[in-house]
Every structure is written in C-alpha cells, then in structure tokens.
1. I need the fraction of alpha carbon pairs in the range 122-241 separated by more than 23 Å, rounded to a whole percent.
2. Add +1 for every Lys or Arg and -1 for every Asp or Glu among the other residues with Cβ under 15 Å from the Cβ of GLU73, and state the total.
3. First obtain the Kirkwood hydrodynamic radius of the range 114-160 from its Cα pairs, then insert it into the Stokes-Einstein equation at 20 °C and 1.002 mPa s, and state the resulting D in µm² per second as a whole number.
4. Net charge within 9 Å of LEU162 by Cβ-Cβ distance, Lys/Arg positive one each and Asp/Glu negative one each, not counting LEU162 itself?
5. If I take every Cα pair under 8 Å that is 6 or more residues apart in the chain, average their sequence separation and divide by the length, what percent do I get for the relative contact order?
6. Which residue fluctuates the most in the chain, going by a Gaussian network model with Cα springs under 10 Å, if the choices are VAL160, VAL94, VAL86?
7. Could you tell me the ratio Rg/Rh of the range 1-74? Both radii from Cα atoms, Rh via Kirkwood.
8. Across 10 Å bins from the origin, how do the percents of Cα pairs in the chain run, short distances first?
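Here, each number is a calculation from the coordinates, and none is a lab measurement. Everything numeric in this text was worked out from a predicted model, so none of it was measured. A quick note on method: Cβ atoms are made from the backbone with ideal geometry, for glycine too, and the neighbour counts reach across all protein chains shown.
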Amino acid sequence: MLEVDDVTKNFGGLVAVDDVDFEIGDGEIVGLIGPNGAGKTTLFNTITGILDPEPGASIEFDGRDLVELETHEIARHGVIRTFQIVRVFDEMTVLDNAAAGALFGSEESLSRAEAREHGREALEFIGLADKADLEAGSLPIAQKKQLELARALAADPKLVLLDEIASGLTPGEIEVLTETIRRIRDERGVSVFWIEHIMDAIMSVADRIIVLNSGRKIAENTPDAIRQDADVVEAYLGEEA
Ligand SMILES: Nc1ncnc2c1ncn2[C@@H]1O[C@H](COP(=O)(O)OP(=O)(O)OP(=O)(O)O)[C@@H](O)[C@H]1O
Ligand SMILES: [Mg+2]
C-alpha cells in the first residue's frame, strides 16, 4: 500500500534521513523506533508532504506517487497523521475539531453537517463523544491526544501516521490508547505507522518494527526479533528491553 524507496532528507550538512526503504501493507500496524534525533519525525514529514525528500526518492501510495503532492492532496488520498506536539484547535469545540478532519479527508465536498456526522462517529469510536461540546483547549493532554486520533479517523483514512501519540500518558491511558489503535486496524481496516518511545506499547500491537539510527534503517523485523537484535540493543534499546 505504501512503498518508500531511497528517501533521504538533508538539513544543511546533516543527513536526517539516509536512503531509507520500506513498505507498509494493507491492514498492517508498523512501528518506527529509534533514538532521539534518529530522523523518525522527518521521515513522517517527507511522507506527508511537509518536507520534500532529496531528488531520487520514490514514495508511492496505492500506486500513486506522493512526492510531488501537497499535504492536503496526500490527505485526500487517505494518508493522515497526528503530531508529536499536539495540535488541536484550542478555541473550537471537540466536535468541530473532529469535523475539521472530515472536511480535509478522503471524501470530497462534504457539507458541514455531514462533516459533523463523521466527526461525531469518530468521537464515539474513540470514546470522546461525551466531550463533544467542550472547548478543545480545556481537555487534559490524554484527551487532546485522543482528539487528534479522532480528527484523523474522521478523515476516513487508509493509513494513519501517529507520532508519539502515547508519550506523556499514564500507564492506564497508554493501555486504553493501545487498545484503540488495535481496534482502528481490526474494526476499520486502517493501516497504522506508529512512532513511539514507549516500547511495551508499540511492541504489544505492531506486526513489524522498523528501527532508525542516525537517519539509517538499521533493522526491520517482528517485535520479538527486534528485542533480540544486537545492533538495536546497542543503538537504542539497551540491555533491559
Ligand atoms: N527543520 C529542521 N531543520 C534542521 N534540522 C532539523 C529539522 N528537523 C529536524 N532536524 C534535525 O534532524 C534530525 C532528525 O530529527 P527528527 O525530529 O526527525 O528526529 P526524531 O527521530 O523524530 O527524534 P525524537 O525521538 O526526539 O522526536 C535531528 O538532528 C534534528 O535536529
Ligand atoms: Mg520526533
């Protein structure tokens, strides 16, 4: 479904993403891990059109080349992300935040009423429906993160990219969120590409894990194999994982 080939991103002399290749299949949950500064968010930014990769890269989604497309066009094709630092519209209601996702999603020319309906359905799926009329800025962080996920789902995505959506949450909140991510795949058929530093969370749901270190892909395997990969342990996990 997503096929990434030869993606490099330089910032001046720094190679933030270094010739990375991988694929994500229909209905897969794939984890992306690696140390701070490894290039994980930069890779997401190249896939979602926020940054242009260096020439020679190919990023195909359902057979379409995303490299030349703008972020909003990529969203129309069903590739939707959340942000490492939450970006909800604080002054809008929770429902309108979710509806905004629908307006920029894969279904074009929705009316506001239809967008709200998609928004409400996504809030119900995530478990935020009882907060629909609150100002989004008043939510605690865990619920803002849930709202970002609801906004993404309201767009009716085929693939969601989640950037550290579990960070800053309590263990109980992480468990709920992890279960929600599993349901997103199982019940809605959405593929998930998930950056996370919380290993228990990502290892428990991912079918496959990709590891970046200094911009390079150093491993790609099942969670169990990744835990035992000597290069990954040395670069990132340490002995206790
Ligand atoms: N817009 C930018 N301009 C210059 N350098 C950047 C820019 N964005 C990221 N970098 C640098 O690129 C490298 C990769 O950063 P990136 O944010 O992709 O890492 P990350 O793997 O997401 O890290 P973290 O786990 O801390 O979020 C870092 O050295 C970072 O300082
Ligand atoms: Mg990051």
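1. Values: 2540 of 7140 pairs.
Summing the P(r) tail past 23 Å for the range 122-241 gives 36 percent.
2. Numbers: positive: ARG64, ARG76, ARG81, LYS158; negative: ASP52, GLU60, ASP62, ASP65, GLU68, GLU70, GLU107, GLU108.
Net local charge, GLU73 excluded: -4.
3. Numbers: Rh = 10.7 Å.
My calculation gives 200 µm²/s for D.
4. Working: positive: ARG81; negative: GLU148, ASP163, GLU164, GLU196.
Counting the neighbours of LEU162, the net charge comes to -3.
5. Working: 509 pairs, mean separation 61.5, N = 241.
After rounding, I find 26 percent.
6. Its mean-square fluctuation being the largest, the pick is VAL86.
7. Values: Rg = 12.0 Å, Rh = 12.7 Å.
Ratio of gyration radius to Kirkwood radius: 0.95.
8. P(r) over the chain, rounded to whole percents: 8, 32, 36, 19, 4, 0.
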